Amino acid sequence: MSKDKIIEIVDEIKVELINIAKKIFEYSETAFQERKSSKLLSDFLEKEGFKVERRIANLETAFLAEFGDGKPKIALLAEYDALPEIGHACGHNMIGVMSVGAAVALRRLGDIKGTIMVVGSPAEEKGAGKKILVEAGVFKDVDVAMMIHPASMNTGYDIAYALRAFKIEYFGKASHAASSPDKGINALDSMISLFSMIGLMRQQLPEKVRIHGIITNGGQASNIIPEYTSAEITVRALDEKTLNETVEKFKNIVESAAKAYGCEYKITELDSMEAVLVNEPLAKTLEKNYKSLGMKITKRTYEQGVGSTDMGIVTQTVPGIHAYVDITGGIDIPVHTRDFAQAANSEDGYKAMINATKALASTCGDVMNSEELLQEIVSYFERRKGIASS
């Protein structure tokens with residue numbers, strides 16, 4: 001498989017790819033609402049000869065596109081949801097385009113061994129769409145899964161928190177705050193105590209654990225003892241064991257804050273994400289292709305900032321990577337900011353997106369044409385899963 005030819009094909013379609021990314025940027029559709037973005041990507045794949053199935057896993061904006069036959073089966077993940085208010089401040093307008101562009105380049109090349117699969121996965125920012133797709137069995141026959149996320153660095157590696165997010169509700173009793181406060185049970189007191197106890201608990205937590213949240217309902221009126229309060233709180237850790245231990249401590253203080261003021265309480269789990277299990281042979285292969293395109297590699301470290309992604313569950317299910325491409329010219333611009341959104345719709349950002357598309361397509365080619373590399377990827381995954389489950 002000629003990598004020079006892959007590069008040539010991506011250059012042939014780069015104007016169309018950039019235009020798609022620009023349109024998705026303009027759409028700025030939030031989680032599970034990405035109707036136009038999903039259609040734009042899936043229509044392009046269908047036009048290029050892919051078999052496309054829409055609304056997979058009962059998700060309106062998810063899709064599955066395939067070309068080829070047999071093994072290995074490589075899944076390229078497409079994200080396209082934006083953030084409320086600030087739009088594509090995480091660069092998701094580029095993610096689906098890179099995966100789709102790489103798949104189309106391989107399809108046009110015509111010399112592929114195996115199956116290329118593009119998985120349109122909605123709601124990464126809120127809703128964990130990939131978890132729904134995994135549970136629906138979308139990845140059951142997949143050998144390798146990859147995606148590239150915009151960032152301020154080029155790397156095949158990632159570090160990501162596992163998380164569990166909760167809705168906390170306290171139920172008290174309303175009363176007049178001036179004339180008969182003693183007749184009420186103050187649900188807000190329980191909530192404020194909970195946040196205070198979280199702050200105190202942090203002193204005894206392991207390094208690199210995060211607990212953060214907001215009060216979504218603080219009461220009904222200032223002259224009424226609040227009978228109801230609610231909050232959304234997220235707990236994060238770099239491994240499942242630490243996460244689960246921290247969650248148990250958190251649940252204990254939720255209960256304690258209720259008992260202290262005589263409230264009833266309810267805990268509802270809203271969301272969960274797994275840590276990313278980086279497949280090192282696959283990450284190294286992508287980085288090798290980055291270097292061949294003149295892209296500078298940066299070592300991924302915790303100090304650069306760590307978030308969470310629903311790609312974690314995919315990498316825990318099949319061998320995979322959640323890689324990064326530098327769209328900011330090496331300037332450290334945090335994601336989820338308006339400055340990063342600007343980079344995600346810039347000329348330099350789109351140049352980086354095209355280079356990453358070439359590297360991603362080349363990496364697919366490497367896996368498809370080397371049984372030795374594929375076996376190394378699979379063996380690494382099986383060893384790490386053995387370690388992770390022990």
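The values are calculated or read from the model by the stated rules, or taken from the named source; none is laboratory data. Owing to the predicted nature of the structure, the values given are computational and were not obtained by experimental measurement. Glycine gets a Cβ as well: all are built from the backbone with ideal geometry, and neighbour counts include every protein chain shown.
Taking the criterion of being among the small types (Gly, Ala, Ser) and either part of a strand (DSSP E or B) or under 35 Å from the mean Cα position of the chain (by Cα) (or both), the residues of the stretch 216-241 that qualify are GLY218, GLY219, SER230, ALA231, ALA237. The sole residue among THR357, THR317 that is more than 20 Å from ALA21 (Cβ to Cβ), touching a residue at least 24 places away in the same chain (Cβ under 8 Å) and of a type in the set (Val, Ile, Thr) is THR317. In the stretch 284-306, how many residues are farther than 18 Å from LYS3 by Cα and of a type outside the set (Val, Ile, Thr)? Residues that pass the stated criteria total 7. Of all the listed residues (PHE139, PHE166), the sole one being modelled with pLDDT of 95 or more, over 19 Å from ILE20 (Cα atoms) and part of a loop (DSSP other than H, G, I, E, B) is PHE139. Out of GLU347, GLU264, GLU287, one residue alone is out of contact with any helix residue (DSSP H, G or I) (no Cβ under 6 Å at 6 or more places or on another chain), modelled with pLDDT of 95 or more and not assigned by TED's automatic domain parsing to the domain that holds ALA123. It is GLU264. Evaluate the stretch 275-283: report whether one residue or more is surrounded by fewer than 23 Cβ atoms within 10 Å (Cβ to Cβ) and among the polar types (S, T, N, Q). Taking every residue of the stretch 275-283 in turn, none turns out to be surrounded by fewer than 23 Cβ atoms within 10 Å (Cβ to Cβ) and among the polar types (S, T, N, Q).
Consider the stretch 73-115. How many of its residues are closer than 30 Å to SER370 by Cβ and assigned to a helix (DSSP H, G or I)? Within the stretch 73-115, residues that are closer than 30 Å to SER370 by Cβ and assigned to a helix (DSSP H, G or I) number 16.
Within the stretch 236-264, residues that are touching a residue at least 60 places away in the same chain (Cβ under 8 Å) have Cβ atoms under 6 Å from residues that are among the charged types (D, E, K, R) and not in a helix (DSSP H, G or I) in these pairs: ARG236/ARG210; LEU238/LYS208; VAL247/ARG164, counting only partners at least 6 apart in sequence or on another chain. Of all residues in the stretch 289-338, those satisfying the criterion of being under 20 Å from the mean Cα position of the chain (by Cα), farther than 19 Å from GLY91 by Cα and of a type in the set (S, T, N, Q) are THR301, THR315, GLN316, THR317.
With respect to (1) farther than 20 Å from GLU255 by Cα; (2) buried (at least 20 other Cβ atoms within 10 Å of the Cβ); (3) over 37 Å from the mean Cα position of the chain (by Cα), the lone exception for ASN186 is condition (1). In the stretch 58-71, the residue that is surrounded by the most Cβ atoms within 10 Å (Cβ to Cβ) out of those that are among the hydrophobic types (A, V, I, L, M, F, W, C) and not in a loop (DSSP other than H, G, I, E, B) is ALA65.
Restricting attention to the stretch 13-57, the residues being out of contact with any helix residue (DSSP H, G or I) (no Cβ under 8 Å at 6 or more places or on another chain) and surrounded by fewer than 17 Cβ atoms within 10 Å (Cβ to Cβ) number 11.
Considering every residue within the stretch 191-213, establish whether at least one is surrounded by 17 or more Cβ atoms within 10 Å (Cβ to Cβ), in contact with a Cys (Cβ under 8 Å, 6 or more places away or on another chain) and not aromatic (Phe, Trp, Tyr). For the stretch 191-213, residues surrounded by 17 or more Cβ atoms within 10 Å (Cβ to Cβ), in contact with a Cys (Cβ under 8 Å, 6 or more places away or on another chain) and not aromatic (Phe, Trp, Tyr): absent.
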